[in-house]
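Colleague: This structure is in structure tokens; I'll ask about it shortly.
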Amino acid sequence: MTDYNDDQPVEKLPFGKWLLTQRDRCDWVDGIADAARADRTFPKNGDPEAVRGHLRKQQADGDAFAAIDDAESDWMAA
């Protein structure tokens, strides 16, 4: 039997991968997550800044960046 230590940090998913898992939230993160899943060039292993850089290259609007800000807060709290 293996002992599990509750004090061990759980490895956090990269922000990009975490965002791809977000569904049915009923907020504006849903829209940006849907767009990310449809984008083959989305930085799956990227941190929030890599995702923002990708959005800049795609010439995303301000709402997309606001959604990323909200998503980042949720990701950090998870």
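The values are calculated or read from the model by the stated rules, or taken from the named source; none is laboratory data. Not measured: the values here are computed from a predicted model. Ideal geometry is used to build each Cβ from the backbone, glycine not excepted, and the neighbour counts take in all protein chains shown. We work out accessible area using only protein heavy atoms, side chains counted, and drop any ligands, DNA or RNA first. Shrake-Rupley method; radii C 1.70, N 1.55, O 1.52, S 1.80 Å.
Colleague: Can you tell me which residue in the range 13-37 is least open to solvent (accessible area, probe 1.4 Å), limited to those that are under 12 Å from the mean Cα position of the chain (by Cα) and acidic (Asp, Glu)?
Modeller: Checked the range 13-37; the qualifying residue least open to solvent (accessible area, probe 1.4 Å) is 30.
Colleague: Being closer than 17 Å to residue 22 by Cβ, over 10 Å from the mean Cα position of the chain (by Cα) and open to solvent by 30 Å² or more (accessible area, probe 1.4 Å) is the filter here, so list the residues in the range 59-72 that pass it.
Modeller: 60, 63, 65
Colleague: Which residue pairs have Cβ atoms closer than 8 Å, lie 6 or more positions apart in sequence or on different chains, and pair a first residue in the range 12-24 that is touching a residue at least 60 places away in the same chain (Cβ under 8 Å) with a second residue that is surrounded by fewer than 15 Cβ atoms within 10 Å (Cβ to Cβ) and acidic (Asp, Glu)?
Modeller: Note: pairs meeting the criteria are 15/47.
Colleague: Open to solvent by 80 Å² or more (accessible area, probe 1.4 Å), at pLDDT 95 or above and not in a helix (DSSP H, G or I): which single residue out of 56, 40 fits that description?
Modeller: Working: 56 fails: not in a helix (DSSP H, G or I).
None of the other options fit; the residue is 40.
Colleague: Looking at the range 10-37, which of the residues that are among the charged types (D, E, K, R) and assigned to a loop (DSSP other than H, G, I, E, B) is farthest from residue 67 (Cα to Cα)?
Modeller: Keep residues of the range 10-37 that are among the charged types (D, E, K, R), which gives 11-12, 17, 23-25, 27, 30, 34, 37.
Next cut, assigned to a loop (DSSP other than H, G, I, E, B) only: 11-12, 23-25, 27.
On the way: 11: 24, 12: 20, 23: 14, 24: 14, 25: 12, 27: 9 Å.
Among those residues, the one meeting the criterion is 11.
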